[in-house]
Amino acid sequence: MAKSARRQQIRSVETRERLILATLDEIHERGYHAATTQDIAARALVSRGALLHHFPTRAELVLAAMERLLDDGIAEIRTVAGRVANESMTIEEFVEFAWRMFSGRFFYLSLEMITEARNDASLRAQMIPVVKRFHAELDIAWAGVCASSARDSQEAGIILNLTLCLMRGMGVQAVLRPEPAYYRQLVEVWKRTLPLLLAGRLDKSFFA
């Protein structure tokens, strides 16, 4: 009996996992509104009843998918930050990583969900704590990267947010301005600028 219950529990976890991954794939390929629960269930190879058992509402399914997306992003950022901290990755390589992250699947999925949350107060209220946790993890990772720099923790946080806002803005612009050479130029400029910021080679008034 115990083995049977254990197998059922494993199947339940696997079904939930398939539904979350299918949600991310469906939203990425078709967009937030076109990604119906029926199509998500079909992609996950589960019945609609099984989907409703795990996620009674579409908002709950989307929130779970958002949490997975950001958790995966956090794990990747931690790995990269660790590599920068132990000097197996350069700051310039970190900038390349940030641009890939904010010009690819991760960013465009999060953008779909954030845009929807703007007009859905309930979804927005549920997403805010998830996104705050993501940014808290970013701050921790960045503090490790900047531990040996000339900047204090507050300044390091400003540099982090400046970098991420730059990458996000470029990612949004790329939707309607698909000009890789243009963004490559901006990335290369920031690769030269960021080390100067971290080394304290810009005047302190820059952070006032």
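The values are calculated or read from the model by the stated rules, or taken from the named source; none is laboratory data. Remember, predicted model here, so these are calculated numbers, not experimental data. With ideal geometry, Cβ positions are generated from the backbone for all residues, glycine too; neighbour counts draw on all protein chains shown. For accessibility, only protein heavy atoms count, side chains too; no ligands or nucleic acids. Shrake-Rupley method; radii C 1.70, N 1.55, O 1.52, S 1.80 Å.
To the nearest 10 degrees, how steeply does helix 2-30 sit against the main Cα axis of the chain, on a 0 to 90 scale? Between helix and principal axis, roughly 60 degrees.
In this structure the chain gives 56 Å² per residue of accessible area when probed at 1.4 Å with all protein chains present. Length, then width, then depth: along the principal axes, the Cα atoms of the chain run 65, 44, 30 Å. Rounded to the nearest 20, the Cβ-based charge dipole of the chain about its Cα centre (Lys and Arg +1, Asp and Glu -1) stands at 500 debye.
Comparing Ala64, Ala34, Ala44, which has the greatest mean-square fluctuation in the GNM of the chain with Cα pairs linked when under 10 Å apart? Result for the chain, Cα springs under 10 Å: Ala34 fluctuates most. Test of understanding: in a Gaussian network model of the chain with alpha carbons linked when under 10 Å, which of Leu176, Leu61, Leu111 would top the mean-square fluctuation ranking? Evaluated over the chain, the most mobile residue of the options is Leu176.
Of the solvent-accessible surface of the chain, computed with a 1.4 Å probe and all protein chains present, 56% belongs to carbon and sulfur.
Neighbours of Glu188, meaning other residues whose beta-carbon lies under 11 angstrom from its beta-carbon, give a summed charge of +1 when Lys and Arg score +1 and Asp and Glu score -1. Note on Ala136 and Leu162: their simple-model spin labels are 2.7 nm apart, each label 7 Å out from Cα toward Cβ.
Which one of Ala156, Val80, Phe107 has its Cα pushed farthest toward the positive end of the charge dipole of segment 59-201, where Lys and Arg give +1 and Asp and Glu give -1 at the Cβ? Positive-end residue among those listed: Ala156.
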